[in-house]
1. For a quick check of your reading of the model, give me the residue pairs whose first member lies in region 6-28 and is more than 11 Å from residue 46 (Cα to Cα) and among the acidic types (Asp, Glu), whose second is crowded, with 20+ Cβ neighbours inside 10 Å and modelled with pLDDT under 95, with beta-carbon atoms closer than 8 Å and at least 6 apart or on different chains.
2. Pull up region 151-167, narrow it to residues that are at pLDDT 95 or above and not in a strand (DSSP E or B), then point me to the one that is surrounded by the most Cβ atoms within 10 Å (Cβ to Cβ).
3. So, in region 168-197, of the ones that are among the basic types (Lys, Arg) and in a helix (DSSP H, G or I), which residue ends up farthest from the chain's Cα centre (by Cα)?
4. Can you tell me which residue in region 78-89 is surrounded by the most Cβ atoms within 10 Å (Cβ to Cβ), limited to those that are among the aliphatic types (A, V, I, L, M) and modelled with pLDDT under 85?
5. Within region 94-117, count every residue that is of a type in the set (S, T, N, Q) and either in contact with a strand residue (DSSP E or B) (Cβ under 8 Å, 6 or more places away or on another chain) or surrounded by 19 or more Cβ atoms within 10 Å (Cβ to Cβ) (or both).
6. So which of 46, 60, 25 ends up being surrounded by fewer than 20 Cβ atoms within 10 Å (Cβ to Cβ) and within 13 Å of the chain's Cα centre (by Cα)?
7. Restricting attention to region 93-134, report how many residues are assigned to a loop (DSSP other than H, G, I, E, B) and touching a helix residue (DSSP H, G or I) at 6+ places or on another chain (Cβ under 8 Å).
Amino acid sequence: MVLDIRQADQSDRDAVARLLDEAFRSDPVSCWVFPDPEHRAAVHGRFLGVFVDVALAEGRIDYAADGSAAALWLRIPAGDPEAEPVEDEVPAKMRAVADPGNERCELVGRLTGAVHPTAEEHEYLLMIAVAPGRQGEGLGTELIRPVLERCDREGVPAYLEASSERSRALYERLGWEFTGEAVRLPDGPLMWPMWRKPLG
């Protein structure tokens, strides 16, 4: 398979947010954040739209030309103990934009942020989405393969949080390894932080 990939820009913002909404509407973490399906349908797109805004402003979005898949990446520098990471501001913004009365909007970001590695510069796969009708075709793998190949050439690690057993297995096939410290959402699902050392 050859996937035609381009970099998304501001004109793609709403389409990418809709894709994330559709792809993650039944994801275990999304269902935990918004337990009521009707409420989730109303606010989920706004919630994930914050990720799109962050990636457009601070990183990049690799986007299938046919709109079937998108990967949101941030290049995270090695940690400066004196610096305030930009991702520290994101959980509160997600809550404010999507569902101000729902503390889970913010908590999921706080918990994942607490275990995010800071010692080395790395590529952070913030989110990857494939349209529900196209899942299982290998689009996600093709979308992120060029970034992983560049990481291997440049000697740069990559990081993500898997939100389901299925996605964890996919990432393991691509060289990521579970860090050993799962994120436990209160009375909810697990998330698996995963680190990928550059190959070669």
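1. Filtered contacts from region 6-28: 27/163.
2. Restricting attention to region 151-167, the residues satisfying the condition of being at pLDDT 95 or above are 151-162.
With the extra rule that they be not in a strand (DSSP E or B), the set shrinks to 151-157.
Working: 151: 21, 152: 16, 153: 11, 154: 10, 155: 10, 156: 18, 157: 18.
My answer is 151.
3. 173
4. Ranking the candidates gives 86 first.
5. Result for region 94-117: 1.
6. On inspection, the qualifying residue turns out to be 60.
7. So the count comes out to 4.
Here's the yes/no breakdown for (1) part of a helix (DSSP H, G or I); (2) hydrophobic (A, V, I, L, M, F, W, C):
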position	(1), (2)
2	no, yes
12	yes, no
17	yes, yes
43	yes, yes
51	yes, yes
73	no, yes
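The values are calculated or read from the model by the stated rules, or taken from the named source; none is laboratory data. Everything numeric in this text was worked out from a predicted model, so none of it was measured. Ideal geometry is used to build each Cβ from the backbone, glycine not excepted, and the neighbour counts take in all protein chains shown.
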